[in-house]
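Working notes for the structure below.
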Amino acid sequence: GESVGLHLPTLSVQEGDNSIINCAYSNSASDYFIWYKQESGKGPQFIIDIRSNMDKRQGQRVTVLLNKTVKHLSLQIAATQPGDSAVYFCAEIYYGQNFVFGPGTRLSVLP
Amino acid sequence: DAGITQSPRYKITETGRQVTLMCHQTWSHSYMFWYRQDLGHGLRLIYYSAAADITDKGEVPDGYVVSRSKTENFPLTLESATRSQTSVYFCASSESDTQYFGPGTRLTVL
């Protein structure tokens with residue numbers, strides 16, 4: 001399949017451990033944030049979102065934390081599984097449809 | 001429910017040829033987008049459309065043409081393909097805040 005980033009930062013975790021993926025955003029006007037997961041050969045897939053009036057949001061095995069003071073976003077994956085191996089990237093959205101995507105982090109789950 | 005589809009999934013063409021990448025969505029979303037994804041650059045917006053017959057340039061529009069005569073279709077045309085247009089192309093659609101992506105088209109220009 002398509003290779004989305006051979007030179008991306010890589011996070012390697014043991015199966016069953018928790019993963020934390022970080023993202024810095026740039027625009028103070030961004031009011032909505034999304035984490036996407038992209039598996040090899042596939043398009044980005046929506047994981048979880050958070051609005052700027054929140055600092056934490058939980059989904060199934062995933063939690064997103066937002067720190068507006070330092071413009072930082074993180075994605076926490078609990079009990080990481082082999083199927084979680086993918087590239088993860090954040091998107092900041094401002095003024096409705098203005099999307100800015102981060103470069104991504106490759107998550108590698110070790111058996 | 002097919003969602004958003006792209007065709008072809010893989011395409012090899014030669015420099016100077018015209019190529020059209022197709023995108024179709026079944027949700028009747030107002031917004032549609034074309035991105036290219038290259039090593040070291042992440043997703044870069046080529047063109048987007050807010051509704052049928054309304055299109056606008058993104059970050060890297062040179063060498064590309066789009067049209068949107070119907071809400072569900074948003075074809076991207078490379079009028080005269082160049083090697084620098086070798087990339088993976090993603091189409092996306094959105095009704096509100098979240099963009100939903102197609103599976104991508106890998107285009108190689110020789």
Phi-based couplings in Hz for the range B:81-91 (Karplus 6.51, -1.76, 1.60; Gly and Pro marked x): 4, 10, 4, 5, 8, 5, 5, 9, 10, 10, 9
For chain A, built as a Gaussian network whose Cα springs stay under 10 Å, the top-fluctuating residue of A:ASP49, A:ASP84, A:ASP17: A:ASP17
Net +/- balance of residues flanking B:LEU110 in space, Cβ distance below 15 Å, scoring K and R +1, D and E -1: +3
The range A:21-32 - phi-based ³J(HN,Hα) in whole Hz, Karplus 6.51/-1.76/1.60, Gly and Pro as x: 10, 10, 8, 9, 10, 10, 9, 4, 7, 5, 10, 8
Per residue, in Å², the accessible surface of chain A once ligands and nucleic acids are set aside, probe 1.4 Å: 50 Å²
Mean separation of Cα contacts under 8 Å (6+ apart) over length of chain A, as relative contact order %: 37 percent
Karplus-derived HN-Hα couplings along the range A:81-92 (A = 6.51, B = -1.76, C = 1.60, θ = phi - 60°), whole Hz, x at Gly and Pro: 10, x, x, 7, 4, 4, 9, 10, 9, 9, 9, 10
Solvent-accessible area, 1.4 Å probe, carbon plus sulfur percent, for the range A:49-111: 49 percent
Whole-number accessible area per residue in Å² for chain B, which is evaluated in the context of all protein chains at 1.4 Å: 48 Å²
Between A and B, accessible area buried - total, square angstrom, nearest 100, 1.4 angstrom probe: 1700 Å²
Length-normalised contact order for chain B - Cα pairs under 8 Å, 6+ apart - percent: 35 percent
Those chymotrypsin sites (Phe, Trp or Tyr not before Pro) in the range B:1-83 that DSSP places in a loop and that have at most 15 other beta carbons within 10 Å: B:TRP27
Top of B:ASP62, B:ASP53, B:ASP97 by mean-square fluctuation, Gaussian network on chain B, Cα under 10 Å: B:ASP97
The range B:1-66, relative contact order in percent, only Cα pairs under 8 angstrom and at least six apart counted: 22 percent
Sequence-distant residues sharing a close amide H with A:ASN18 (under 5 Å, placed H): A:ALA79, A:THR80
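The values are calculated or read from the model by the stated rules, or taken from the named source; none is laboratory data. This structure is a prediction, so every number in the text was calculated from the model and none was measured. Note: ideal-geometry Cβ built from the backbone for every residue, glycine included; neighbour counts use all protein chains shown. The area values use the complete protein model at the heavy-atom level, side chains included, leaving out ligands, DNA and RNA. Shrake-Rupley method; radii C 1.70, N 1.55, O 1.52, S 1.80 Å.
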